[in-house]
Amino acid sequence: MMAPSASADRTVASERVLVLDFGSQFAQLIARRVREQQVYCEIVRHNITAERVRELAPMGLILSGGPASVYADNAPQCDPELFDLGIPILGICYGMQLICQQLGGKVESYPAREYGRAECHIDHADPLFDDVAQLSQVWMSHGDQVANITSDFVQLASTASCHLAAVKHRSLPIYGLQFHPEVTHTLEGSKLLGNFLRH
């Protein structure tokens, strides 16, 4: 009789992903997309402490979008110690902006709110984009953008109106997407989420 594989031996708890909700209309949809990848997912408050996350020991964190501007007074923030836990993190829209700002980048308001389909170009190969077409349709919904990133980050993808459509940290397992991979209008969003969860 063959011994069970390591993947078969994992418990549901060991595959838990936490979605930090920053007021996104898509938070429930993000969780559903994660569950469709056969990974257990919970939505938690955006201000969950790093200590509590350490206790829950998730395999990854996803920071949702949200209607606020990260630079505004009283804008929802996350515990900055989350970035020191070594847990893979994916920031989506507001979540990406928050990551970049808390780690030294700058977020600015742009003259026109971007809402709708855009063509995303992969500028640098990365496991996050495995099996994703170099040019594919994504869904944007934002009025702010990351204007610049520190040298700790690498730009991965861009659109015609958003130079920093996807980024990753050079040494930490932290990624950011300005677009929404969880909606069906992002044609290869399921692949992106699957790559984050697997890799």
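The values are calculated or read from the model by the stated rules, or taken from the named source; none is laboratory data. What you see is a predicted model; the values in this text were computed from it and never measured. No Cβ is skipped: glycine too gets one built from the backbone with ideal geometry, and neighbour counts run over all protein chains shown. For accessibility, only protein heavy atoms count, side chains too; no ligands or nucleic acids. Shrake-Rupley method; radii C 1.70, N 1.55, O 1.52, S 1.80 Å.
Can A27 be described as more than 18 Å from C162 (Cβ to Cβ), within 15 Å of the chain's Cα centre (by Cα) and either open to solvent by less than 10 Å² (accessible area, probe 1.4 Å) or aliphatic (A, V, I, L, M) (or both)? Judged against the criteria, A27 is a match.
For the range 152-175, the count of residues that are at pLDDT 95 or above, touching a Lys or Arg at 6+ places or on another chain (Cβ under 8 Å) and within 22 Å of D21 (Cα to Cα) is at least one.
Taking the criterion of being at negative phi, of a type outside the set (A, V, I, L, M, F, W, C) and assigned to a strand (DSSP E or B), the residues of the range 104-131 that qualify are K106, E108, S109, Y110, P111, R113, E114, Y115, R117, E119, H121. Can you find, within the range 76-92, the residue that is farthest from V167 (Cα to Cα) among those that are part of a helix (DSSP H, G or I) and open to solvent by 60 Å² or more (accessible area, probe 1.4 Å)? For the range 76-92, the residue satisfying everything is E81.
Selection within the range 141-185: residues that are within 14 Å of the chain's Cα centre (by Cα) and assigned to a loop (DSSP other than H, G, I, E, B). The member of this set that is nearest to Y71 (Cα to Cα) is Q178. Being open to solvent by less than 10 Å² (accessible area, probe 1.4 Å), farther than 20 Å from T150 by Cβ and either modelled with pLDDT of 95 or more or acidic (D, E) (or both): is that true of I48 here? Answer is no for this residue.
Restricting attention to the range 93-122, the residues that are among the acidic types (D, E) and either surrounded by fewer than 17 Cβ atoms within 10 Å (Cβ to Cβ) or out of contact with any strand residue (DSSP E or B) (no Cβ under 6 Å at 6 or more places or on another chain) (or both) add up to 2.
Of the set (1) open to solvent by 50 Å² or more (accessible area, probe 1.4 Å); (2) touching a residue at least 40 places away in the same chain (Cβ under 8 Å); (3) assigned to a loop (DSSP other than H, G, I, E, B), all apply to D73 but (2).
Does any residue of the range 132-139 turn out to be free of Cβ contacts under 8 Å to residues at least 40 places away in the same chain, surrounded by fewer than 16 Cβ atoms within 10 Å (Cβ to Cβ) and at negative phi? Yes: the range 132-139 contains one or more residues that are free of Cβ contacts under 8 Å to residues at least 40 places away in the same chain, surrounded by fewer than 16 Cβ atoms within 10 Å (Cβ to Cβ) and at negative phi.
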